[in-house]
Structure formats: structure tokens, C-alpha cells
Amino acid sequence: WEFLYQLSVYKKLGGNVKFYKEEGDLRKEALSIDDKKSVIIVDALFGTGLAREVAGSFAALIAEMNELKSEGAVVVAVDVPSGINTDNGKVMGIAAFADATITFGYNKKGLITKTGKEYAGRVIVKDIGIPEEAYRKVMNA
């Protein structure tokens, strides 16, 4: 419910949010915008726990995000760039290149690897109340 409330406030302030479900939708929309630097893409396709190769329409959407980023769009990943394994930082077929990644609780192992850093961009860790002891257990697992 919190998300819906925040979305309604954003829209009342004149914000525009679009959800893309079909392959090519993101690209078509972005083509209509002259200044790609004004395009902000929120990458929230996959989060932690991705353990399979990204394929099909998901892979195509990530490729579209990467292409738009190369043209000036800003990509912000939620928790981890889609396609990055949070345990080891490996690319699971294809992954989104983010300008910034907002992750929650603690930094993820996969984001501190060489590859993870390349894809995550600037990593911002937001506290959500996870006890320090739990964090240490996860990082030492």
C-alpha cells in the first residue's frame, strides 16, 4: 500500500510513471524523447536470489536498458542490477549496467566483486533495521 500511496503523490505532483510489459515497449517510448539524459530507468526486474540465466523477453528488456544507457539515459537499479548474481557477482547471461544501485540492509557480496562493481555503478546502502549480527552471518556465509 505504501508504494501505491507514494505513486499517487508522485502523479499528483505531475510525475509520469510507465510500466513496460512487452519486448520493445521501452525502446519505442524512449525513441519519442529527444534528450535521452532526461530518461530515468528504474531497474527492478530481478532482485536477490537470481540463480538462472536471464533469457527471452527479460534478456531483451535488459539489452534495451543497456542500449538506452549508452545513449544517455540514467539507470538506477533496485537492490542489485538485473542479471547479477548477488552471491558471486557473476553475470547470468546478460545484466543491466546501472549508474547507481540502491540496495537495502547491507551491501551484497556480488556488488563488491570486480564485475559487480562494473555493473552496479555507485552503490547506496539504505538501512532497513537488519541487526549487525545477521549482517555478519550473511557476509561470512
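The values are calculated or read from the model by the stated rules, or taken from the named source; none is laboratory data. None of these values were measured; they are calculated from a predicted model. A quick note on method: Cβ atoms are made from the backbone with ideal geometry, for glycine too, and the neighbour counts reach across all protein chains shown.
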Checklist entry - Can you pull out the residues in region 97-129 that are out of contact with any helix residue (DSSP H, G or I) (no Cβ under 9 Å at 6 or more places or on another chain), over 30 Å from Glu71 (Cα atoms) and of a type outside the set (Asp, Glu)? => result Ile128, Gly129
Next on the checklist: Residues that are of a type in the set (Val, Ile, Thr), assigned to a loop (DSSP other than H, G, I, E, B) and either at pLDDT 70 or above or more than 16 Å from Glu67 (Cβ to Cβ) (or both): does region 16-29 have at least one?
Outcome noted: yes
Checklist entry - When the residues of region 40-95 are filtered to those that are under 18 Å from Lys18 (Cα atoms), in contact with a strand residue (DSSP E or B) (Cβ under 6 Å, 6 or more places away or on another chain) and not β-branched (Val, Ile, Thr), which remaining residue is surrounded by the fewest Cβ atoms within 10 Å (Cβ to Cβ)? => result Ala44
Next on the checklist: If the requirement is being in contact with a Ser or Thr (Cβ under 8 Å, 6 or more places away or on another chain), touching a residue at least 24 places away in the same chain (Cβ under 8 Å), small (Gly, Ala, Ser) and closer than 23 Å to Leu26 by Cα, which of these qualifies: Ala100, Ala63, Ala96, Ala73?
Outcome noted: Ala96
Next on the checklist: Taking the criterion of being under 23 Å from Ile40 (Cβ atoms) and either of a type in the set (D, E, K, R) or at pLDDT below 95 (or both), would at least one residue in region 90-98 satisfy it?
Outcome noted: no
